[in-house]
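Structure first, commentary second.
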Amino acid sequence: MNFARTSGQEVGAFRVSTSLPVVYIVDDDVSVRESLELLVRNENWKAETFASAHKFLDQPRTLGPSCLVLDLSLPGLNGLELQKRLALERIRIPIIFITGYGDVPKSVQAMKAGAVEFLTKPLNDEVLLSAIRQAIERSRLALSDDQQMQDLRDRYASLTPREQQVMALVASGLLNKQVGGELGISEITVKAHRGQVMQKMKADSLAALVKMATKLHIGPTAAA
């Protein structure tokens with residue numbers, strides 16, 4: 001899940017972003033923070049700067065396209081440790097690492113853990129901006145996938161327990177008559193439930209319903 005400190009509606013521990021993408025900058029060098037903030041704002045993105053990983057983590061988290069420009073060497077919690085922390089908390093935010101040392105083993109470690117880019121200081125503005133654009137697009141796609149998945153879960157939750165059983169068996173490949181035999185109901189009743197399932201799940205074909213069941217990890221055991 002991504003986060004951004006922007007205006008929007010609060011939902012639990014998160015605030016839903018209604019405005020521009022946010023670029024978070026975490027670096028203990030104030031001159032770097034200020035120069036990167038200016039660069040980001042000139043591209044009409046929002047910028048949030050932090051002197052440490054802990055200060056970054058203390059911020060309220062929000063849903064919205066964002067990315068993190070993160071210094072590798074930080075006091076206290078360093079860049080790689082923050083990357084691990086975010087992964088453990090399942091907070092999905094694309095990370096662009098920056099460093100003044102060009103540490104190859106650490107860059108490999110960061111990239112294997114999912115970093116978008118690993119850049120050395122002094123930074124090339126165009127290279128950094130290109131990486132930020134890529135990261136924001138990755139963030140948008142991840143948010144879109146998350147929203148689609150949540151919509152799918154909501155539709156499934158709207159089914160009655162019997163409809164969920166029918167969906168699981170139909171998606172597993174059973175015919176209406178076989179589903180009726182499994183559940184001890186008539187074929188006509190199965191057809192009625194199946195029609196409700198297709199409507200509530202917004203599935204225009206059996207293939208689409210099977211695909212939804214696969215995404216939801218629904219199998220015959222759900223009908224037990």
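Structure notes:
- Positive-end extreme of charge dipole, region 158-223 - chosen from 210, 189, 170 (charges on Cβ): 210
- A cut-off of 5 Å between modelled amide H atoms, ignoring neighbours fewer than 5 places along the same chain, links residue 69 with 24, 25, 26, 96.
- Shape descriptor for region 158-223: Rg over Rh equals 0.91 (Cα atoms; Rh from the Kirkwood inverse mean 1/r).
- Residue 186 sits among other residues whose Cβ lies under 14 Å from its own Cβ, and their net charge, with Lys and Arg +1 and Asp and Glu -1, is +2.
- Here the extension length gained between residue 177 and residue 120 equals 14.0 nm, from 0.36 nm per residue of separation less the Cα-Cα distance.
- Subtracting the Cα-Cα distance of residue 145 and residue 34 from their residue separation scaled by 0.36 nm leaves 36.6 nm.
- Note on region 106-224: lysine pairs with Cα distance below 17 Å, sequence gap of 8 or more or different chains, count 8.
- Value of relative contact order over the chain, rounded to a whole percent, pairs C-alpha under 8 Å and six or more apart: 16
- Rg over Rh for region 8-147 works out to 0.93, using Cα positions for both radii and the Kirkwood form for Rh.
- Value at 222 nm in deg cm²/dmol, rounded to 500, when DSSP H runs of n ≥ 4 in the chain each add -39,500 (n - 2.57): -16000 deg cm²/dmol
- For region 51-132, the spread of Cα positions along each principal axis, largest first, Å: 31, 26, 25
- Of the complete DSSP H runs in the chain, those spanning 20 angstrom or more by Cα along the long axis with a mean Kyte-Doolittle score not below -1.0 are 125-157, 187-201.
- Charge tally in the Cβ shell below 14 Å around residue 156, where Lys, Arg are +1 and Asp, Glu are -1, residue 156 excluded: +4
Bear in mind that the values in this text are calculations on the coordinates, not laboratory data. Predicted, not measured: the structure shown is a model, and the values here were computed from it. FYI the Cβ positions are ideal-geometry reconstructions off the backbone, even for glycines, and counts take in every protein chain you see.
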